[in-house]
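Below is one structure, written out as structure tokens; the observations come after it.
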Amino acid sequence: MFGKPQKENKPSDPADLLDTMMSSQLTKTEEKTEEFELFDRSNREPTQESSELVNTVEKISRIISPYFIVIVGLVLYDNNFLIGTTLIAIGILSLLKVSCQDIIDVIEDIKNIFVSTETKK
């Protein structure tokens, strides 16, 4: 009653030992495949609601992020003039929907103005 509990009988025959090991391995792999199947099913079937939610969040973040960048620039402007000014400029340009290609085109136009004035002299 208060003694040690009896241990399970361990198979002494190597074939029995191999059978018990293989059966435990099979049950573990079956459990893992069931878990993977559940995981795969949840990943393979995206619902329409979740994609709509993602699209909505992306739209909201596109609207809010330029304002956030400008506000952070304004806060940093007192402590660090260069970083603050840079963030304010980036925020304003993104609010105005100015792309990098637009900026490159303006720089090229300015270069062309200077080059054309030099050739006329």
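Between residue 103 and residue 50, residue separation times 0.36 nm minus the direct Cα-Cα distance comes to 15.4 nm. Modelled spin labels at residue 72 and residue 90, positioned 7 Å past Cα toward Cβ, are 0.7 nm from each other.
Using unit Cβ charges (K, R positive; D, E negative) and no other charged atoms, how large, in debye to the nearest 20, is the dipole of region 76-121 about its Cα centre?
Numbers: 4 positive and 6 negative charges, 30 e Å.
In total the dipole reaches around 140 debye.
Read-outs throughout are calculated quantities, based only on the coordinates presented, and are distinct from any laboratory measurement. On a predicted model such as this, the values are computed, not experimentally measured, just so you know. Glycine gets a Cβ as well: all are built from the backbone with ideal geometry, and neighbour counts include every protein chain shown.
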